[in-house]
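Heads up: the structure comes next, in structure tokens.
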Amino acid sequence: MLLRTAWRRAAAAVRAAPGPRSEAPARGLRLRVVDNAPQSAVPSDTATAPEVESVLRPLYMDVQATTPLDPRVLDAMLPYLVNYYGNPHSRTHAYGWESEAAMERARQQVASLIGADPREIIFTSGATESNNIAVKGVARFYRSRKKHLITTQTEHKCVLDSCRSLEAEGFQVTYLPVKKSGIIDLKELEAAIQPDTSLVSVMTVNNEIGVKQPIAEIGQICSSRRVYFHTDAAQAVGKIPLDVNDMKIDLMSISGHKIYGPKGVGAIYIRRRPRVRVEALQSGGGQERGMRSGTVPTPLVVGLGAACEVAQQEMEYDHKWISKLAERLTKKIMNSLPDVVMNGDPEHHYPGCINLSFAYVEGESLLMALKDVALSSGSACTSASLEPSYVLRAIGTDEDLAHSSIRFGIGRFTTEEEVDYTVEKCIHHVKRLREMSPLWEMVQDGIDLKSIKWTQH
């Protein structure tokens, strides 16, 4: 109610502002109303109208980092933020019962999306925590008999760091290389499995280059060798069809804010039959079947459940729409600019994640030039570093091309106009930056840059 009142006041202030109406924001920029005035907690007719300023915001093309909250998800969450505020673990009164019922419904919605039993879904704070529970939890539980794990060089940083942490505890970890396409070699995986291997962890869809790993085939190999299989499916759940039983997945990490749900919530699927045991990382009241102590945040898990239900209903439509926009973006850029490389396998690929390298252009310079489009040069978790992406290095991308990569994210709410605007700006700025580049000039003169021996002064 307070939220609606605040928005009504802001809208009224904009309508009542003296002088001529401001023009619509420039193409490619969104208008955001920012309220800088302190608000009274109690709505009052006599309260002064808040000071309102209009701020132009960039287009959003970075859905691998996070997605906007779907309005239907917000609608599902609001009652549990305001009226139904009971602790879902309070068993003695109606406030607790109604929150518990909402939590269990959300568990069912998450389970339905991946073909699991609701009892196999454990709520967490996000995919990072889920990955930590899966990798460290399994390794530590079975450490008396098994001290070896397998992962890939292109995993998310939280999986790689969890593995390094286990190495410090005395575990052995094999980091499988990937082919130029970004996909692992299944024969190398089979060869790497040892009698004391407890876990194989391979992500479903890569967050930087969008490559889809052959999850069903990996699951089959792990099942036949009696090794548990974990997949980080944060970028895949709700976007491509996944079934934990058909694909023989034993553990799966899920994130809320990657599927148009709220931030700060996620889930981990842990198979019950045959049972997978994990050592809990967090001590406390024993919630979530003892695997993740702490009060479950009802509004957030309700949001996660609603996001999963919407994704299940709209997956086919979303995939067609995103595929259409992705093809539009790549074709227009590739047809207009020479020396553009698409990173990752073009066939086994999620279309909403497009990673392009623009030769002879510094990626950071291009990002700064494209300031009215929110884009990324790699993972949001490692983008503070100016080092080239470790994922691009793992697929054998030259360092100069790795430095010139840009990730375009296309999602449920992306429009054709936004794609066209991004393409138009991208082409313009790449041409402009190349004209300023001495390397581009040398290439135009027919000089092979790889044949040059550079010297330091």
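Quick notes on this one:
- Whole-Hz Karplus values for the stretch 176-186 come out as 5, x, 10, 6, 4, 6, x, 9, 6, 8, 5 Hz, taken residue by residue from phi with 6.51 cos²θ - 1.76 cosθ + 1.60 and θ = phi - 60°; glycine and proline positions read x.
- The listed peptides 347-356, 330-339, ordered by packing as a protection proxy, come out as 347-356, 330-339 (highest mean of other Cβ atoms within 10 Å first).
- The length gained by stretching the chain between Arg272 and Leu78 to full extension, at 0.36 nm per residue less their Cα-Cα distance, is 66.6 nm.
- Annotation: the antiparallel percentage among DSSP beta bridges lying fully within the stretch 71-311 is about 40.
- Per residue, the accessible area of the stretch 314-441 comes to 46 Å², computed with a 1.4 Å probe over protein heavy atoms only.
- Under 12 Å, Cβ to Cβ, from Ile333 - net charge with Lys/Arg +1 and Asp/Glu -1: +1
- Ranked by how many other beta carbons lie within 10 Å on average, peptides 140-150, 230-240 from highest: 230-240, 140-150
- The protection proxy used here, the mean number of other Cβ atoms lying within 10 Å of each residue, ranks peptides 176-185, 87-96, 208-217 as follows, highest first: 208-217, 176-185, 87-96.
- Segment Glu424-Tyr85, length gained on full extension (0.36 nm per residue, minus Cα span): 117.2 nm
- Under 5 Å between amide hydrogens, built in the peptide plane, is the criterion, and for Ser376 it picks out Arg407 among residues at least 5 positions away or on other chains.
- Once backbone amide H atoms are built at 1.01 Å from N, His349 has Lys212 as its partners under 5 Å, excluding neighbours fewer than 5 places away on the same chain.
- Cross-link table Lys157/Lys212; Lys187/Lys263; Lys180/Lys371; Lys180/Lys239; Lys187/Lys320; Lys157/Lys332, entries beyond 29 Å C-alpha to C-alpha: Lys187/Lys263; Lys180/Lys371; Lys187/Lys320; Lys157/Lys332
- These residues, Phe171, Phe413, go from largest to smallest accessible area, 1.4 Å probe, as Phe413, Phe171.
- Contour excess over end-to-end distance, with Cα ends at Phe413 and Ala216 and 0.36 nm allotted per residue: 67.9 nm
- In the context of the full set of protein chains, the stretch 71-311 has a per residue accessible area of 39 Å² (1.4 Å probe).
- Net +/- balance of residues flanking Tyr84 in space, Cβ distance below 15 Å, scoring K and R +1, D and E -1: -3
The values are calculated or read from the model by the stated rules, or taken from the named source; none is laboratory data. As the structure is a computational prediction, the values presented were derived from the model and not from experiment. When we count neighbours, we look across all protein chains shown, and the Cβ atoms used for this are built from the backbone with ideal geometry, even at glycine. Areas reflect the complete protein model, heavy atoms only, side chains present, ligands, DNA and RNA absent. Shrake-Rupley method; radii C 1.70, N 1.55, O 1.52, S 1.80 Å.
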